[in-house]
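What follows is a set of notes on a single structure, which appears directly below.
The values are calculated or read from the model by the stated rules, or taken from the named source; none is laboratory data. If you're wondering where the values come from, they're calculated on a predicted model, not measured in any experiment. Methodologically, a virtual Cβ is constructed for each residue, glycine included, from the backbone with ideal geometry; neighbour enumeration extends over all protein chains shown. To get the accessible areas, we keep the full protein, side chains included, count just its heavy atoms, and leave off ligands, DNA and RNA. Shrake-Rupley method; radii C 1.70, N 1.55, O 1.52, S 1.80 Å.
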Amino acid sequence: MWEFESQLPVSKPPGLLSQIGGTPAYVATKLSNRYGSTIYVKLETLNPTGSFKDRGSATGISYAIAEGKDTGTVSHGNMAISMAALTAETDADCTVMVPSDIPSERLSSISQYNPRVLQVEGPYSELYEESFGIGDQHGVLFVNSDTPLRVAGQKTSALELLSTLHPTVPDGICLPVSSGGNASAMWKAIRELYAGGLLEQKPKLYLVQSQACDPIATAFRDGESTVTPTTAGDTIAYSIANADPPSGNRALTAVADTNGAVCSVPDTEITAAQQELLESGLAVEPASATTLAGFKKFKSTGEISESDSIAFILTGTGLRNTIQTSPRISSISIENLSEEFSNQ
Ligand SMILES: *Cc1c(COP(=O)(O)O)cnc(C)c1O
């Protein structure tokens, strides 16, 4: 990703952080033949912690270090894993705030990198905003889903994709959407290239949600320009279950600006897509398989036309291995957060 250093708000850091991104994109032959148009896949699964989140973590952590701060995030998924892992090699400490009812398997995939883990009791959804203030007071830079530093880093995924495929430009880019941070990042790259005269037409952004939690798809379907928060149901695509997406409105605007679309798909179709991707040698997590499930839906509704070439952003790996450690995990109520940070 540091090939695009001049387009980033931070300088290239040393060590593992210097190795994020640079993931391949290629024509998926079997899928292209099956669907009768070119399908590209971009393997964000090959980042050090198996997801595109490493890009946004890399810019965020680099910035924190330059400012002499520690790092933090509010996440119980890939973003938490990414922040904990990529902070590990640096002098900074990482704080991850997770909900108190986090499944133990996911807790260990985060805690194995030995960050400080706060299992917060209280309304988890309030932490996203609350963390910024607490972080400011205590020298911790919270790099949450749609913070500008994260969006800046993650835009390199689209810059790489379009530079790998150059001079071909795909008609569309298909990716899962949850907080809307990554969709914002793709759109930012597209807008910047377009404004700089490096792109003649904007690829359409096709965003996919899980039917169990689809506030952005619902707003799109209803022709709204703002997203109404919903309640998340159970879904295997837990990485994309944000019921109150902080950048939901921006995602809708990105779709409108690029003439794309948003849809949602049920777990049964997500599982089928995950299986179908395995048949092309691609192990992805359910959230990431929504790209193919959504693509099929967009084709059936005519939102993606027969001959359109589409790039799937394979956001997260299906290959994970966790080592149990004795982690720094504490349970805490939301009222006692300030005290916890002061006692560090
Ligand atoms: C975080 C994540 C997403 C959703 O990205 P947002 O920026 O929250 O919209 C999609 N897929 C995977 C694998 C993720 O980890």
Does at least one position in region 305-324 carry a residue that is without any contact (Cβ under 8 Å) to a residue 40 or more places away in the chain, within 30 Å of Val169 (Cα to Cα) and not hydroxyl-bearing (Ser, Thr, Tyr)? no
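Among the residues of region 246-259, is any at pLDDT 95 or above, over 15 Å from Pro215 (Cα atoms) and crowded, with 19+ Cβ neighbours inside 10 Å?
Yes: region 246-259 contains one or more residues that are at pLDDT 95 or above, over 15 Å from Pro215 (Cα atoms) and crowded, with 19+ Cβ neighbours inside 10 Å.
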Determine which member of the set Thr226, Thr164, Thr231 is away from the ligand (no atom under 12 Å from the Cβ), of a type in the set (S, T, N, Q) and either over 21 Å from the mean Cα position of the chain (by Cα) or closer than 19 Å to Phe4 by Cα (or both). Thr164
Can you pull out every residue in region 8-36 that is within 15 Å of Gly281 (Cβ to Cβ) and over 19 Å from the mean Cα position of the chain (by Cα)? Tyr26, Val27, Ala28, Thr29, Lys30, Leu31, Ser32, Asn33, Arg34
Identify all residues within region 86-101 that are within 16 Å of Ile334 (Cα to Cα) and surrounded by fewer than 21 Cβ atoms within 10 Å (Cβ to Cβ); write none if there are none. Pro99, Ser100, Asp101
Filter region 211-227 for residues that are part of a helix (DSSP H, G or I) and β-branched (Val, Ile, Thr); the one that is surrounded by the fewest Cβ atoms within 10 Å (Cβ to Cβ) is Thr218
Odd one out for Gly302 among (1) at negative phi; (2) free of Cβ contacts under 8 Å to residues at least 24 places away in the same chain: (1)
Does Ser57 satisfy being open to solvent by 10 Å² or more (accessible area, probe 1.4 Å) and not in a strand (DSSP E or B)? no
Count, please, the residues in region 104-131 that happen to be buried (at least 17 other Cβ atoms within 10 Å of the Cβ), within 21 Å of Asp244 (Cα to Cα) and in contact with a strand residue (DSSP E or B) (Cβ under 8 Å, 6 or more places away or on another chain). 6
Give me the helices (runs of 4 or more DSSP H) completely within region 247-337, filtered to those with at least 3 residues that are within 18 Å of Leu31 (Cβ to Cβ) and touching an Asp or Glu at 6+ places or on another chain (Cβ under 8 Å), ordered by residue number. 286-301
Pull up region 169-210, narrow it to residues that are acidic (Asp, Glu) and not in a helix (DSSP H, G or I), then point me to the one that is farthest from the ligand (Cβ to nearest atom). Glu200
